[in-house]
Amino acid sequence: MNERTPIHMVDLKGQYDRIATDIDAGIRRVIESSAYIRGPQVGEFECALAGYLDVPYALGVANGTDALQIALMALGIGPGDEVVTSAFTFIATAEAAALLGAVPVFADIHPDTFNLDPAGLEACITPRTRAIVPVHLFGQPARMDEIAAIAERHGIPVIEDNAQAIGASYLGRRTGGIGTIGTLSFFPSKNLGCYGDGGAVVTRDEDLYRRMRLVANHGSARKYHNEVVGVNSRLDTLQAAILQAKLPHLDAYNAARRAAADRYDALLSGIRGIRIPGRDPDGVHVFHQYTIRVTVGDGIDGGAARDDLAAHLAAAGIPSAVYYPVPLHRLAVFAPGGPATARFGALPHTERAATEVLSLPMHTELTEEQLVRIAETVAGWAADRA
């Protein structure tokens, strides 16, 4: 193999090249119509997305963060309310609650899946809890049956943060369509990504759908007749056309990611100091990220070994990334005395994951030669440390 063959963390150009005709035709249709805001492609994509997720209602919005905020606003969540979620994720999940004056409450994760652990969830619930937001992290579904059962006992809605897991399923149901509301991001690197920002909210509840549509349109169902305080959040027509062209390929994209993950598992299993991703047997993982743990015996070295492996990979021309080096409860914004209030107790699994995780290249265009090169580079690093 040519050692100079580039390996990308994400290969959007290669993916585009395979469906360029469809993408270009969709974009041309929008430009020729000049319907850039709420053009027909938006509604067409919303219908296709709802069908894919097996829900009756889908609404395109400007991005995944807006999707979370709109979902919370539609549920009437505001100052002093509590929203239980994970501290091991991107800030948007908690940020959306904090923007409304609500208090993020951080629960610990399961060490095998990185997802919110139902075992510790109930202890986080108080009379002020107004929503539970599990994150289907890295493309792996959270244990929605257990989370939903706890939520139902307490009469609390569940918002699925499905930004990283479109196409995943749990016990035969597509994630995003299991909880009260599902939120999605179409950031370019996502499994279903557009060529800018984009997002969506989905639900089975018609009243919630109508309220989310109202909130996303300045609180107005009829122009100049605003009913509530809302936001301006739209999926633009060009992005909808791109997503419409890509959605029919999503299952194939996810199958390619799973095949790459299976190959990684086979190549990396048994390497000292490397722990491959755990998989919940009740779910179908779509591997938005392939995230290993770099461990050092039974101790924690503050991420030194993980960072050393990342540097070793970089020296060999192989990218990697750390999602997430600082858990949310350790960020200055949520620290005691910080600008936003949060509540949390001990989060040992979250703390440890932040020092050990390393995401390897994962996308639809990975080749066998690239996967072998990456794995051999990891193995070489581990052998040098032995």
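Derivation of every value follows stated rules applied to the coordinates shown; laboratory data play no part. What you see is a predicted model; the values in this text were computed from it and never measured. So basically every Cβ, Gly included, is an ideal-geometry build from the backbone, and we count neighbours across all protein chains shown.
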Open item on the list: Taking the alpha-carbon distance from LYS13 and a cut-off under 19 Å, which lysines remain once sequence neighbours fewer than 8 residues away in the same chain are dropped?
Closed with: LYS190, LYS246
TODO: With both partners inside the stretch 52-131, how many of the DSSP beta bridges are antiparallel, as a percent to the nearest 5?
DONE: 10 percent
Open item on the list: I'd like the Karplus ³J(HN,Hα) series for the stretch 81-94: coefficients 6.51, -1.76, 1.60, θ = phi - 60°, whole numbers in Hz, and an x wherever there's a Gly or Pro.
Closed with: 6, 10, 10, 8, 8, 9, 8, 9, 6, 6, 4, 3, 4, 7
Task: the stretch 90-189, Rg to Rh (Cα coordinates; Rh as Kirkwood inverse mean 1/r) - done: 0.93
Task: the stretch 1-68: radius of gyration over Cα atoms, expressed as a fraction of 2.2 N^0.38 Å - done: 1.53
TODO: Per DSSP H run of at least 4 residues, take -39500 (n - 2.57); add these up for the chain, divide by its residues and hand me the 222 nm value, nearest 500 deg cm²/dmol.
DONE: -11500 deg cm²/dmol
Open item on the list: To make sure I understand, if each residue's beta carbon is the centre and we count other beta carbons within 10 Å, what order do ILE19, ILE276, ILE37 fall in, fewest to most?
Closed with: ILE37, ILE19, ILE276
Task: Cα convex hull of the stretch 283-345, projected area averaged across orientations, nm² - done: 7.3 nm²
Open item on the list: How large are Rg and Dmax for the stretch 205-316 when calculated on the C-alpha trace, in angstrom?
Closed with: 22.7, 64
- [ ] Provide the net charge surrounding ALA131, with neighbours chosen by a C-beta distance below 10 Å and charges set as Lys +1, Arg +1, Asp -1, Glu -1.
- [x] -1
- [ ] Would you mind counting up the charge near LEU243? Only other residues with Cβ under 13 Å from its Cβ, with Lys and Arg at +1 and Asp and Glu at -1.
- [x] -3
Open item on the list: Using the basic label-point model (7 angstrom from Cα toward the beta carbon), what is the ARG222 to ALA149 distance in nanometres?
Closed with: 4.8 nm
Task: Binned Cα-Cα distances of the stretch 250-385, short to long, each 10 Å bin given as a whole percent - done: 11, 37, 32, 16, 4, 0
Task: ³J(HN,Hα) computed for each position of the stretch 245-253 - Karplus, 6.51 cos²θ - 1.76 cosθ + 1.60, integer Hz, glycine/proline x - done: 6, 8, 4, x, 9, 4, 4, 5, 4
Open item on the list: Cα atoms only: what Rg and Dmax, in Å, come out for the chain?
Closed with: 21.0, 69
- [ ] Have a look at VAL296, TYR264, PRO248 and report the one farthest towards the positive end of the charge dipole of the stretch 239-319, computed about the Cα centre with Cβ charges (Lys/Arg +1, Asp/Glu -1).
- [x] PRO248
